[in-house]
Amino acid sequence: MASAINKLLDWMLSGLGLSVSADSAVGYIVAALIHITLIINLVAVGALVFIWLERKISGRIQDRLGPTRVGGKFGWLQTLADGLKLITKEDLMPDGADGFLFKIAPYVSFAASIAAFIAIPFAGGPYPWIAQHLNTGVFFVVAVLGLEVFGVILAGYSSASKWSLFGAMREAAQVVSYEVPLGMCAVVPVLIAGSMDMVVIGNQQAGLFTNWFIFHDPATFITFWVYLTCATASVNRAPFDLAEAESELVAGFHTEYSGLRWSFFFMAEYGSMLSVSILASVLFLGAWNGPIPVASMLGLTAANGDVPGYIGNLLGLLNVLFKGVVGVSVMIWIRWTLPRLRIDQVMATCLKYCTPIAAVMFLGAVVWQYNLPGRTFFGLLAAPQETFAVDEGWAALPTTTAEPAKPAMVERGAATSLAPRLAANQGRGN
């Protein structure tokens, strides 16, 4: 995007006798601002929708209506009205609190929540829709999601309240513990794809839903459900919400917060719910590929031109967002269905069940890949002979012309080099 912006600026300023080089810093700054604006709006608007959705789902589960007055029959504007209320509330801070840490804690959590979206792709192919394409995208997202706990710890430590401190310590123990099985579950799709590049992982699931990694073998099917459990715990959702258990901790780490700062904690929570749901879709549920390859059937690919490729990526974006919303809805459903666990039960679930199961399933995936590398859908079908590899496709992309080259095709599981990708990254100005 940066190089395209520089070319646009160069064309606009050419009439004035000025020029902008293809690698000018202006394009990179503008591209970064566009990316971060889109990501922040995705998290902020998503939080508005998910809060309304949670109220409606919980109302139906509890045999009541939920919001019905503000914003018409379905209460569409109820969350917006609550946001305006929080903005006008007084920003309080208890006596004895550490002022700097108390004020910065919500923003640390929110920044960590939105940072994960930097490396999450929303569409694939030779021109993936992603803010920053990383070779180690899976590792980056899993690592950044764990940083949200620092804001929780700062909030509990700086509040001068024992209830807040207890909630923060519970959150720290829970997140650090569940990061182990969560990372082990994320490694299984990496093993199958042979890459930590999330675009490569998503592209290898192209075609029918039988190519999705959740159906690759019995081990990956079980791994997905372990991942769902660990992801729910890592974002502090019931039945694993011991960090803010109002029945015994008043409200946990954010007991002393009010107004806008309090709302940032909840935006961070819903942002993390969306990020782990989209990560699950990329790793297990076909990413931007639907259950039926409609875009490919209609020729909406980059090989057929810029416009068809853009429309195909738009359909991929809708696929990713739909799967993310479904994942968040499942977490909401679980919250209002299962009772809260005790802290010892939460830790036992991680150490006695999730971690051993994830380890055994990883070994199962290794054995399956070694013995049946060309089989999928629980071994009933043969894997596609060819699948698009982003590494090879980028090496063939032009860096000076607008017409895209046809993507190269390589066999699934074939070794790819990082050098073509790095060279292409520099040429594209990503």
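Please treat every number below as a calculation from the coordinates, not as lab data. Computed from a predicted structure; not experimentally measured. No Cβ is skipped: glycine too gets one built from the backbone with ideal geometry, and neighbour counts run over all protein chains shown.
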In the chain, whole DSSP H helices that both stretch 27 Å or further along their axis by alpha carbon positions and average at least -1.0 on the Kyte-Doolittle scale are 25-61, 162-193, 259-283, 306-335
Modelled label-to-label distance, LEU92 and VAL294, 7 Å Cα→beta-carbon offset: nm? 5.1
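What is the packing order of peptides 194-203, 365-374, 336-345, taking the mean over residues of other C-beta atoms within 10 Å and listing the highest first?
Ranking, from highest mean packing down: 194-203, 365-374, 336-345.
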Find the Rg to Rh ratio for the chain, where Rh is the Kirkwood radius over alpha-carbon pairs and Rg uses the same atoms. 1.00
Under 5 Å between amide H atoms, partner at least 5 residues away or on a different chain: which partners does TRP129 have, H built in plane at 1.01 Å? PHE122, ALA123, GLY124
Just need the relative contact order of region 89-378 here, percent rounded to a whole number, with Cα pairs under 8 Å and 6+ apart. 27
Within region 73-151, which trypsin sites (Lys or Arg not before Pro) sit in a loop by DSSP and count at most 12 neighbouring Cβ atoms inside 10 Å? LYS73
Assuming a strict under-30 Å limit between Cα atoms, what lysine pair count do you get for the chain once near-sequence pairs (fewer than 8 apart, same chain) are dropped? 16
Fewest-first sequence of VAL226, VAL294 by Cβ atoms within 10 Å of each Cβ: VAL294, VAL226
May I ask you to sort TRP52, TRP11, TRP225, TRP163 by Cβ crowding, counting other Cβ atoms within 10 Å and putting the fewest first? TRP11, TRP225, TRP163, TRP52
Say each of PHE378 and TRP336 gets a label point 7 Å from the Cα, pointing the same way as Cα to Cβ; how far apart are those two points in nm? 3.3
